[in-house]
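The values are calculated or read from the model by the stated rules, or taken from the named source; none is laboratory data. These numbers were taken from a predicted model, which means no experiment stands behind them. Every residue, glycine as well, gets a Cβ built from its backbone with ideal geometry; the counts of neighbours run over all protein chains shown. SASA here: full protein model, heavy atoms, side chains in, ligands and nucleic acids out. Shrake-Rupley method; radii C 1.70, N 1.55, O 1.52, S 1.80 Å.
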There are 2 protein chains.
Amino acid sequence: MITICDVARHAGVATSTVSYVLTGKRPISAATRSRVLESIRVLGYHPHAGARGSATSRTNVVALAVPLREGVYVPVLMRMVTAAVTAARRHGLNVLLMTADQGVDGLRGVAGSAQADGFLVLDVEMNDERVPLLRQLAQPSVLIGQPATTAGLTCVDFDFEAAGAACVEHLADAGHRYIGFLGAPTPVYQRRTGFAHRAMVGFSAAAMRRGITSTIMPTAGDHHSVLKAVQALFRVHPSTTALVVHNEAALGWVGAGLRSLGRKVPEDVAVIAICPDGLAEQASPSFTSIRLPAEELGRRAVELLVAKLNGQTVPSLTLLEPELAERASTAGVPGRMLARRANPAVNPERVTAGRRPSRSGAGTRTLPPTPPVVPAPRT
Amino acid sequence: MITICDVARHAGVATSTVSYVLTGKRPISAATRSRVLESIRVLGYHPHAGARGSATSRTNVVALAVPLREGVYVPVLMRMVTAAVTAARRHGLNVLLMTADQGVDGLRGVAGSAQADGFLVLDVEMNDERVPLLRQLAQPSVLIGQPATTAGLTCVDFDFEAAGAACVEHLADAGHRYIGFLGAPTPVYQRRTGFAHRAMVGFSAAAMRRGITSTIMPTAGDHHSVLKAVQALFRVHPSTTALVVHNEAALGWVGAGLRSLGRKVPEDVAVIAICPDGLAEQASPSFTSIRLPAEELGRRAVELLVAKLNGQTVPSLTLLEPELAERASTAGVPGRMLARRANPAVNPERVTAGRRPSRSGAGTRTLPPTPPVVPAPRT
DNA sequence: GCGCCTCGTCGAAACGTTTCGACGACGTTA
DNA sequence: TAACGTCGTCGAAACGTTTCGACGAGGCGC
């Protein structure tokens, strides 16, 4: 192994001078600098990360905790991960990957032995067991997702609650009175995973406010489960005219499920998904969606962490605003109770149609919001 | 920060003694050991990884290079990754995640600055640009997948060639004469990704040998592409009675594609998938499959790497044998040219039916094997 | 009872960095 | 021209480990 001393000798300077050339922490004359750089090049010197860490107590590594739990949709999670890794690279940071098996203890170990300068934590539950540990850690951390309370933490999250509400608003404005919600798999809600819980709560609350009758149905991502869930939804409320889908794995099967009931998207049923743009586009017909900015979440989390590492203070909660992208799945005429026709962009009747008070005052919810239960469909 | 010296002082011993208690590299009396351990517990001491690395030139970190390239099916890759991380943990190793953006340079950097003791390399292409670098690195490495030549390397791979062949054998034995191959997305073949290339070659060669007429069709994973690909397959050879699917993302749409042609699985078309067991099971009907042991690949790779780190010599190529799991998708009566009936387990006619020589001597292949091209389907 | 070997422990020197105080040389200001 | 900064560089002391040689205390055989 070739060390900084070798370089210094080769260039005829002190080792500290080489160090200053490398770190730029003191001025070095152009002549000396170029001589040193040349020696580095010739000898093929690479600073030894461990030794540097020993001297500075900085590892230039951030740990990324990704508990791949049951029911999470891996590709979306991976978008965040790769975005985070890429962003970290730009700041000269490497990423240590920690998965399910190394839970709280794993975090404690990595933190204690100073293997990472900071922590990025994904898939956060409302009462995440990692949160108390993070609070007392020497190293800063950023959560992607929100636990029940964000005091003393730094969280970045997509505003799933607003997203759930926005779906209802959009559909209600278009005149829909019966809306179904196709959610994440049951275990996800049982764990009270932040994103799933919040989207559902936002959806339910907005439905209440708007006097919409809503039905909530969790579902696994496979063909059969989705079919059953969709059928169950329509059995409960045959007059349902719109669906909100918050389950990426299920997206592809929703169309088939509706078709099996003789209903078409968008003519008979409008669909809005909460998912990354790409997934909504490749459905057929393409789905109107509230775009889930997975990459930006990863990127922002890294930026916040870097800021904290530099001693800056950052907001304890950063919420990304939902944005709706209108596509084919809500372009139909939802039928029955709608005055509205075609051209959804400019729609003078929208307020009238959408905001009319509900008959019953408050909406009825078929299932209690927490934890939702799949009513056993007939087999 | 609390150091090994603090512990030594607290326990009334020399720092080296504490070190020996921790590493076990010299005998320590039970009395002293327990006193030291107690002090460690009381003070909450954690050895500083960087300092240790500086002293030993061992980081207890392995780097995992996962270039998430276009067209790879993320969930399967992630199974390998999590299996690898879990296995690494068992050996006291942490995992540094490197993604697409940090290609060869990233590897070189991590290796040069000694941030990892070894390398795990995924998604290997036949002429992978990382291979020459790996050969000259100071640190050992293990590839999951095979480049064109494995000399001087350590590779673990599933025997995709045998898997491709096994599909043909099984189907040919059951009497099928026209078999379609639904492959990975085109870019994957264009890159000459090892696993895709090999499976296809194995399939083609076996089809040749058995006098089977085969059609190869790459396809993207979305609904539309799969439908088009399936339709194209049957337009080329309407008499096709079996399909081999080597594309996890497409699995879910194959049934729909066939249905759109008025063909049913398994009555009209037999299907064999090359994919992890779980995916084959949740198709409907469930797919007979050659099980892709994603987890075991990850685990084995780590074990080989650990062996290399310990100075052991390991084989340059470890190939996992394909295993066929029979399920519903090949339980049908393939019709037309089959003597065979029901009960596929005990089948006296199998040899007769399967091994009968093909009419044309050698099989005809509709498309050249490398690189395959999708014949533009009518839109 | 003396020498010898083993066992357990110690002190000091590494490991490859960074960082701090110091110190010449030189240019500027009075 | 003397005093004073500033700039560039140096040497040495950290950082928190591991590791190596050495050394005292016992136990054993003779």
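Take the solvent-accessible surface of the protein heavy atoms, probe 1.4 Å, and return the percent of it on chain B that carbon and sulfur atoms account for. Intermediate values should be presented prior to the final figure.
Working: 8250 of 15510 Å².
The value for chain B is 53 percent carbon and sulfur by accessible area.
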Unit charges at the beta carbon, dipole of segment B:191-303: most positive-side option, B:Met217, B:Phe287, B:Val271: B:Met217
Eligible lysines near B:Lys264 by straight Cα distance, threshold 18 Å, same-chain separation 8 or greater: B:Lys228
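For peptide B:84-92, compute the average count of partner chain beta-carbon atoms within 10 Å of each residue's beta-carbon.
What the average comes to for B:84-92 is 3.
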Kirkwood estimate for segment B:1-137, i.e. one over the average of 1/r between Cα atoms, Å: 17.6 Å
Residue of B:Ser329, B:Ser29, B:Ser214 that the Gaussian network model of chain B assigns the largest fluctuation, springs spanning Cα pairs under 10 Å: B:Ser29
Inter-copy label distances at A:Pro238 (7 Å, Cα→Cβ; nm, one decimal): 4.2
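Mind putting a number on the dipole of chain A about its Cα centre? Charges go on the C-beta only, +1 for Lys and Arg and -1 for Asp and Glu, and I need it in Debye to the nearest 20.
For chain A, the charge dipole is close to 380 debye.
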Per residue value of the accessible surface for the protein assembly as shown (all protein chains in place, 1.4 Å probe), Å²: 41 Å²
Cα centroid separation, segment A:163-240 to segment B:1-27 (Å): 59 Å
Distances in nm from A:Ala151 to the matching label points in the other copies, shortest first (labels 7 Å along Cα to Cβ): 6.8
Ellipticity estimate at 222 nm from DSSP helix runs (n ≥ 4, -39,500 (n - 2.57)) divided over chain B, nearest 500: -12500 deg cm²/dmol
Alpha-carbon Debye profile of the protein assembly as shown, log10 I(q)/I(0) at 0.10 Å⁻¹: -1.10
A:Lys264 accessible area, 1.4 Å probe, all protein chains in place, Å² to nearest 10: 120 Å²
Pairwise label distance in nanometres, B:Val42 with A:Val42, each label 7 Å out on the Cα-Cβ vector: 5.6 nm
Relative contact order (percent, whole number), chain B, Cα cutoff 8 Å, 6+ residue spacing: 18 percent
Total charge dipole magnitude, the protein assembly as shown, about the Cα centre, Cβ charges on Lys, Arg, Asp, Glu only, Debye to nearest 20: 300 debye
Rounded to 10°, Cα long-axis angle of helix B:160-173 versus longest principal axis of chain B: 30 degrees
Cα gyration tensor of segment A:4-47 - equivalent ellipsoid semi-axes, whole Å, descending: 14, 10, 9
Nearest-first distances (nm) between copies at A:Ala14, label 7 Å from Cα via Cβ: 3.3
Global size of segment B:222-302 as Cα Rg and Dmax, reported in angstrom: 13.8, 47
By average C-beta atoms within 10 angstrom, highest first, the peptides A:305-316, A:5-16: A:5-16, A:305-316
Residues in segment B:220-259 occluded by at least 20 Å² - accessible area, probe radius 1.4 Å, against chain by itself: B:Asp222, B:His223, B:His224, B:Gly252, B:Trp253
Residues in segment A:275-313 occluded by at least 30 Å² - accessible area, probe radius 1.4 Å, against chain by itself: A:Gln282, A:Ser284
Residue with peak Gaussian network fluctuation, chain B [Cα springs, cutoff 10 Å], from B:Gly255, B:Gly164, B:Gly92: B:Gly92
Check: segment B:4-47 dipole with +1 on Lys, Arg Cβ and -1 on Asp, Glu Cβ, in debye: 120 debye
Residues along segment A:48-73 losing 50 Å² or more of accessible surface when the other protein chains are present rather than the chain by itself (probe 1.4 Å): A:His48
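Let me have the relative contact order for segment B:4-47, percent, based on Cα pairs under 8 Å that are six or more residues apart.
41 percent
Using the reciprocal of the averaged 1/r over all distinct C-alpha pairs, how large is the Kirkwood radius of chain B in Å?
Details: mean 1/r = 0.0430 Å⁻¹.
It is 23.3 Å.
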Area of A:Met80 that stays accessible when all protein chains are in place (1.4 Å probe, Å², to 10): 20 Å²
Buried solvent-accessible surface, both chains (A, B), 1.4 Å probe, Å² to nearest 100: 3400 Å²
